[in-house]
Structures are given as C-alpha cells and as structure tokens.
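Have a look at the structure below, then the notes.
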Amino acid sequence: FQEFLLYRQQQEYPEDEQIILHRLAKWNQSLERWERAYHLYHRLHDAKAVTRLVIEASPSLIKAGRAQLVEKWTGAALPLSDSTDEVETNDQYALIAIRGVAVTQLGDTKTGMSLLNQAIDNIDSDPPGLALPLVLAWRSVVLRLTGNYERSLSESIRNLQEMNADATFSQVQLEILALLQKNIGLCHCMRGRLDMAIQPLEEACQYYERAG
C-alpha cells in the first residue's frame, strides 16, 4: 500500500516526491533499516547520501557477517562518488577503507591491504560513522591474516597505546580496543607464545562485554 501511495504521489505531485522520499530514507536510516534507505537514496540519485549511508552502515554490517553486501555497496558507491563534486574526498577514502575490510573478509587479503593502505595514507580526519583508529585496527588484523605477525603485533600495540591516552571511551572506541587486544593475543598465539596471549585475550573479552 505504501508503494501504491508513492506511485500516486509521483504521478500527481512530482514536485513533492523528492522531499517525501528524502524524509522516508532518513527515517529508515535512523532505524538502521539500511537496505531500504540505500535503495531510496539510489532512487533519488543522491550520491552524497548513498556514500554517507554506506560509511555509517558498513561497520555494523561487517560485524553481522554481511561483508558480501558491503563489498557490493562500496563497489557501486566508489565510481558514483568519484563522478560527482558532492562527495567529499575524505568520504571517498572512507569507502576505500571499508571496501578493504570487506574484500579481506571475503578472502582477498592482498587487495584488502592495498585498499587500507591507500585509505590510511589519504584520510585527513575521522569521517562520520568511521573512526580512523578503527581503520588502523583493521589493517593490523589484515597484517596478521597475511602472516606478517611481527608488524601486526607492533602496529596493534602502538595503536592501543595511542588510544589509552583517553580516559573515557565511547562504544566505537571500546570495540576498537577489543579488536586490538584480540589481535595482539592471536599474534602471540601464531608466534607460539601462548603464555603471552592469555592476558590480551582476557582484556579483549572485558572490552567486548563493556561494549555490550
């Protein structure tokens, strides 16, 4: 019935359709109905809104195991964002970083590392919905997955030390801390130092519990 009403709206009041669809898309986005919002923004040909939606939705989608959807969305959004002046350069590199994580989870660690390095070298600040420390943490994970345990360990420890300078942590920061501690523990495991892996893995569990 909603689709029928939207069709009638388009036929009888086309000048109002854009406003209504934007409101509907934002409403779905606020409720984390990502796919519905995504298709509405595409219908509106709003490259900037599509880009921001993908950046905001991707971390939770990746955590939910939907890397294939994220890979599809970033693959479609990148050429779209590159062809318009509406999308900020920083957001384009955020898309590249997210795509790097998605393709890594799908098994292409070489491409994933290349994309993450490209993003980290060019992002000037934290894009909305995506903290730069999270991208750095993802890169340390990819380093471990490619067998570079020493560099992965050193990057994770450095990133952890930089974050611990802040006394209070947000939800995103708690998840980053958990990811870093988990990666440190797994690096010790892969290097055969199981005794050194216990503490960081226990701390990772504590951070995950605090993050809910």
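The values are calculated or read from the model by the stated rules, or taken from the named source; none is laboratory data. The shown structure was predicted, so the numbers you read here are calculated from the model rather than taken from an experiment. Positions of Cβ are backbone-derived with ideal geometry, glycine not excepted, and every protein chain shown enters the neighbour counts.
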Is it the case, given these coordinates, that L116 is within 12 Å of the chain's Cα centre (by Cα), at pLDDT 90 or above and either part of a loop (DSSP other than H, G, I, E, B) or under 28 Å from R193 (Cβ atoms) (or both)?
yes
What tally of residues in segment 43-76 results from selecting those that are under 13 Å from the mean Cα position of the chain (by Cα) and charged (D, E, K, R)?
5
Considering Q199, Q161, which residue is surrounded by fewer than 20 Cβ atoms within 10 Å (Cβ to Cβ) and at pLDDT 95 or above?
Q199
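Looking at segment 1-102, what helices (runs of 4 or more DSSP H) fall wholly within it and have at least 3 residues that are in contact (Cβ under 8 Å) with a residue 12 or more places away in the chain?
Working: elements: 2-12, 14-30, 34-43, 47-63, 67-82.
Once the helices (runs of 4 or more DSSP H) in segment 1-102 are filtered for at least 3 residues that are in contact (Cβ under 8 Å) with a residue 12 or more places away in the chain, what remains is 14-30, 34-43, 47-63, 67-82.
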Selection count where residues are within 22 Å of the chain's Cα centre (by Cα), within 16 Å of Y208 (Cβ to Cβ) and either not hydrophobic (A, V, I, L, M, F, W, C) or not in a helix (DSSP H, G or I) (or both), scope segment 157-197
8
